[in-house]
Amino acid sequence: MLWKLQTLPKIRIFCWRIGHDILPTCEKISTIGRDFNSDCPRCGRDKETLIHVLKDCPKARACWCMGV
Ligand SMILES: [Zn+2]
């Protein structure tokens, strides 16, 4: 169903990555690279997890609000 959406390919891929929990967040990257800082580069308040990017990060939330 996702691939039939009438939207930009990058939006479809973004949604697919969210669904498979493979968005390249800092937390994910830090599990691969040892010395990688997993804190959010935008607000620095918390680790950059999928939930933080989509819901908790004030700067990301501001972007979501502008898009609506
Ligand atoms: Zn943040």
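Points to keep in mind about this one:
- Of all residues making up region 13-46, the number that are within 13 Å of the ligand (Cβ to nearest atom) and surrounded by 15 or more Cβ atoms within 10 Å (Cβ to Cβ): 8
- Reported count of residues in region 47-66, each being within 15 Å of the ligand (Cβ to nearest atom) and either free of Cβ contacts under 8 Å to residues at least 12 places away in the same chain or over 21 Å from PHE14 (Cβ atoms) (or both), is 8.
- Any hit, region 15-36, residues being small (Gly, Ala, Ser), without any contact (Cβ under 8 Å) to a residue 40 or more places away in the chain and on the phi > 0 side of the Ramachandran plot: no
- Within region 47-64, the set of residues being loosely packed, with under 13 Cβ neighbours inside 10 Å and touching a strand residue (DSSP E or B) at 6+ places or on another chain (Cβ under 7 Å) is empty.
Read-outs: derived from the displayed coordinates by stated rules, not from any lab. Since we're looking at a predicted model, the values are computed, not measured. Positions of Cβ are backbone-derived with ideal geometry, glycine not excepted, and every protein chain shown enters the neighbour counts.
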